[in-house]
Amino acid sequence: MKITEIKGHAIVLPGNDIDTDRIIPARYLKEITFTNMGNYVFFDERFDEQKNKKEHSFNVPKFKGANILIVQKNFGCGSSREHAVHALQKFGIQCIIGESFAGIFETNCLNLGIPIVTAGQAEIETLMKFIEKFPETKLKISLIEKNIQFTGNQISLKINESSQKAFLTGTWNSTQIMKENQKEIQKTVQKIPYLNGFIQKV
Amino acid sequence: MSENTLFDKIWNQHTVKELPTGQTQLFIGLHLVHEVTSPQAFQMLRENNWQVSFPERTFATADHIVPTNNQTRPFQDPLAETMMNELEKNVKEFGVKLFGIGNQNQGIVHVIGPELGLTQPGMTIACGDSHTSTHGAFGSLGFGIGTSQVRDVLATQCLAMNKLKVRKIEVKEKLSLGVYAKDLILNIIHELGINGGKGFAYEYCGNAIEQMNMEERMTICNMSIEGGALIGYVNPDQTTFKYIQGRKFAPTGKKFDLAIQYWKSICSEKSAKYDDKIKMNGKDIEPMITWGINPGQSIKINQKLPIIVDLPEQQQESAKLAYTHMNLEEGQKMEGLKINVAFIGSCTNSRITDLREAAKFVNGKKIAKNVQGLVVPGSVAVKLQAEKEELDVIFKKAGFEWRNAGCSLCLGMNTDKLKGTELCASSSNRNFIGRQGSPKGKTVLMSPAMVAIAAIQGQIADVRKYAKEITQAIN
Ligand code: SF4
């Protein structure tokens with residue numbers, strides 16, 4: 001599936017270094033499917049022990065139904081659990097804008113078809129303030145033009161080059177493509193010493 | 001761009017093809033699987049009617065969800081039992097070898113790989129777990145991956161990857177008495193930042209690293225990911241070869257000699273080019289301790305906690321949150337802080353040398369009243385070895401619980417959890433909010449020796465104050 005642009009409302013989640021243990025606590029990783037993960041997103045930050053709602057962006061009525069997430073620095077650090085991305089995706093998130101992201105998290109997002117785009121600190125802060133004030137704002141993120149457009153404004157975005165290509169050409173799910181390269185895989189196997197009794201071929 | 005480093009050599013050797021996106025299709029030499037991140041991947045294989053393409057290069061174990069006290073089946077937690085059943089079903093259906101509960105080779109995936117001689121220099125290794133970086137201690141490339149990538153490796157034995165940059169971290173001069181590999185890596189993370197390694201592979205070198213045994217090197221590489229580096233590695237040397245020799249899956253006889261030749265050939269060249277270089281002195285490293293909610297929020301044990309406004313702007317907000325969560329104040333000391341739980345375990349520090357070092361400080365002593373102490377060996381093999389050396393007796397006499405192999409209190413998804421606002425002195429690798437199973441629980445990361453001291457004193461203390469006395473007594 002090609003992904004060229006994402007339109008919708010945004011949810012503002014301030015804070016640096018938000019780790020995947022916070023996005024989804026480990027006790028919710030005990031299920032053998034990803035089906036219910038949307039129910040657990042930011043669980044301990046959204047609910048107290050009695051399951052009463054706490055103050056959190058994902059609980060705020062004005063952000064309800066939003067599909068674009070705006071975050072700050074080093075979002076998604078820590079555990080490689082893909083459950084974190086499924087939790088966000090099943091909650092409704094289709095694209096994440098931030099200052100920076102942790103590596104494995106970014107790869108997990110790519111593999112699930114969630115574009116990760118970045119902008120500078122000042123731009124993100126401005127955007128966050130604007131959406132806080134006008135949560136009904138409609139945003140359009142263009143992966144072709146690498147920008148975000150809203151109410152006559154425009155902010156340019158950065159996206160990893162190979163990710164951009166993957167989304168625009170619909171090749172972000174690369175299993176099938178890699179599977180088809182059987183000949184090349186076999187050739188590689190031939191030249192790896194530890195797969196051939198440590199005999200090194202030049 | 002880096003050239004002629006171990007990273008470059010292994011990368012080139014395992015490159016299958018350039019993908020349409022510009023990513024590299026990289027062949028994976030060893031795939032380690034565990035129960036939590038694999039069921040969904042196996043299910044996707046089933047849905048697509050795919051097989052595991054290299055089952056003989058794939059090994060599974062169970063570690064995260066297993067109870068470490070009572071391991072009789074069915075497990076008391078029905079979800080844990082279901083997950084275990086699922087793994088057992090999957091390995092059977094797809095022809096993958098499992099070191100399950102009751103198997104002599106079971107343990108934390110990053111402990112058993114090296115221990116069984118599966119982990120070898122020159123390999124690309126993948127596992128659906130971020131601490132796969134551990135395996136880099138052997139001069140391999142260990143990639144922590146998500147579940148979609150687990151599916152990719154199962155189905156194709158390949159990963160689609162962007163090439164990393166290489167940062168050389170050279171540590172001169174040996175660490176001082178009472179200072180451990182854990183302190184060094186906590187210091188590196190503190191200096192370079194928890195996202196400072198993004199897009200990088202860390203190459204650790206210098207005589208401080210060369211003098212370390214394999215288990216210390218594993219501790220260092222293990223926590224590379226906490227500094228944002230996907231992988232960390234050490235060039236293989238005699239210490240590496242000696243460790244591997246004789247292990248279950250290690251090459252033998254003539255093949256072992258050939259293997260050494262190969263392993264030597266993949267080391268970084270003297271003339272190698274790096275994208276970045278950093279130097280440190282081992283002598284300057286002091287025992288480190290975390291005070292916050294990420295592994296970069298750490299101080300030297302005798303330092304005072306930072307004043308928020310003195311921190312770089314981008315760290316301030318997170319520091320504020322940390323102070324609230326940890327119930328600590330700016331300017332205070334960590335030394336003397338009361339603890340509730342002491343945990344010696346995890347893929348960072350649960351190997352035999354870790355247990356031996358901790359036992360030295362525990363020997364003949366009792367843990368403080370009101371402190372719960374937990375020693376969780378990283379594998380069945382570590383447990384048996386420790387019992388042979390009667391380390392278990394030392395720990396039990398002191399009042400520690402002696403457990404079976406597993407991740408245990410490192411993360412809250414098995415029966416071991418912090419309760420309420422308990423504070424845990426922990427030899428693990430992550431102090432994220434809620435990590436140890438209680439949303440309000442507090443984690444303080446440190447070396448296993450320091451956890452041992454904290455357990456006995458009932459409070460956080462400087463291990464160096466005891467180290468001299470202990471070493472003298474032993475010598
Ligand atoms: S010990 Fe902790 S960090 Fe290591 S694999 Fe287990 S849960 Fe992950």
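We did not get these values from a lab; they are worked out from the coordinates using the rules stated. Remember, predicted model here, so these are calculated numbers, not experimental data. Note: ideal-geometry Cβ built from the backbone for every residue, glycine included; neighbour counts use all protein chains shown.
Is at least one residue of region B:14-34 under 28 Å from B:Asp416 (Cα atoms) and either in a helix (DSSP H, G or I) or not aliphatic (A, V, I, L, M) (or both)? Lay out the reasoning, then the answer.
First, pick out the residues of region B:14-34 that are under 28 Å from B:Asp416 (Cα atoms): B:31-34.
This time we only want the ones that are either in a helix (DSSP H, G or I) or not aliphatic (A, V, I, L, M) (or both), so: B:31, B:34.
Yes, region B:14-34 has at least one match.
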Of the listed residues (B:Thr421, B:Thr415), the one being within 14 Å of chain A (Cβ to nearest Cβ), more than 16 Å from the ligand (Cβ to nearest atom) and of a type outside the set (Phe, Trp, Tyr) is B:Thr421
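Table: residues versus (1) among the aliphatic types (A, V, I, L, M); (2) facing chain B (nearest Cβ under 8 Å); (3) under 27 Å from A:Asn147 (Cα atoms).
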position: A:Gly8; (1), (2), (3): no, no, yes
position: A:Arg27; (1), (2), (3): no, yes, no
position: A:Met37; (1), (2), (3): yes, no, no
position: A:Gln50; (1), (2), (3): no, no, no
position: A:Lys53; (1), (2), (3): no, no, no
position: A:Ser57; (1), (2), (3): no, no, yes
position: A:Leu69; (1), (2), (3): yes, no, yes
position: A:Cys77; (1), (2), (3): no, yes, yes
Determine if region B:367-375 includes at least one residue that is touching a helix residue (DSSP H, G or I) at 6+ places or on another chain (Cβ under 8 Å), within 16 Å of the ligand (Cβ to nearest atom) and more than 14 Å from chain A (Cβ to nearest Cβ). yes
Report task. Evaluate the following for A:Arg46: is it surrounded by fewer than 19 Cβ atoms within 10 Å (Cβ to Cβ) and more than 9 Å from chain B (Cβ to nearest Cβ)? Result -> yes
Only one of (1) away from the ligand (no atom under 16 Å from the Cβ); (2) surrounded by fewer than 21 Cβ atoms within 10 Å (Cβ to Cβ) does not apply to B:Ala455, and that is (2)
Note: among B:Gly139, B:Gly95, just one is in contact with a Pro (Cβ under 9 Å, 6 or more places away or on another chain) and away from every other protein chain (no Cβ under 14 Å), namely B:Gly95
(1) assigned to a helix (DSSP H, G or I); (2) more than 16 Å from the ligand (Cβ to nearest atom) all hold for B:Phe75 apart from (1)
Of the residues in region A:154-176, those that are closer than 15 Å to B:Thr24 by Cβ and in contact with a strand residue (DSSP E or B) (Cβ under 8 Å, 6 or more places away or on another chain) come to A:Asn160, A:Ser163, A:Ser174
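Within 14 Å of chain B (Cβ to nearest Cβ) and crowded, with 17+ Cβ neighbours inside 10 Å: which single residue out of A:Leu139, A:Leu127, A:Leu143, A:Leu157 fits that description?
Answer to the selection: A:Leu143.
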Over region B:138-153, the set of residues outside any loop (DSSP other than H, G, I, E, B), in contact (Cβ under 8 Å) with a residue 12 or more places away in the chain and either of a type in the set (Asp, Glu) or within 14 Å of the ligand (Cβ to nearest atom) (or both) is B:Gly142, B:Gly144
Given the conditions (1) away from the ligand (no atom under 14 Å from the Cβ); (2) under 15 Å from the mean Cα position of the chain (by Cα), every one holds for B:Gly128 apart from (1)
If I filter region B:34-52 for residues that are crowded, with 17+ Cβ neighbours inside 10 Å, out of contact with any Lys or Arg (no Cβ under 7 Å at 6 or more places or on another chain) and farther than 20 Å from A:His83 by Cα, do I get at least one hit? yes
Requiring at least 3 residues that are touching a residue at least 24 places away in the same chain (Cβ under 8 Å), the helices (runs of 4 or more DSSP H) wholly within region A:117-202 are A:121-133, A:161-169
In this structure, does B:Gly107 turn out to be more than 16 Å from the ligand (Cβ to nearest atom), of a type in the set (Gly, Ala, Ser) and within 26 Å of B:Ser133 (Cα to Cα)?
no
Residues of region B:345-356 being outside any loop (DSSP other than H, G, I, E, B) and either within 12 Å of the ligand (Cβ to nearest atom) or hydroxyl-bearing (Ser, Thr, Tyr) (or both), in sequence order, are B:Thr353
Next on the checklist: Tell me yes or no: at least one residue of region B:382-401 is hydrophobic (A, V, I, L, M, F, W, C), within 16 Å of the ligand (Cβ to nearest atom) and more than 14 Å from chain A (Cβ to nearest Cβ).
Outcome noted: yes
Condition set assigned to a loop (DSSP other than H, G, I, E, B) and within 9 Å of chain A (Cβ to nearest Cβ), scope region B:40-72, selection farthest from the ligand (Cβ to nearest atom): answer is B:Trp50
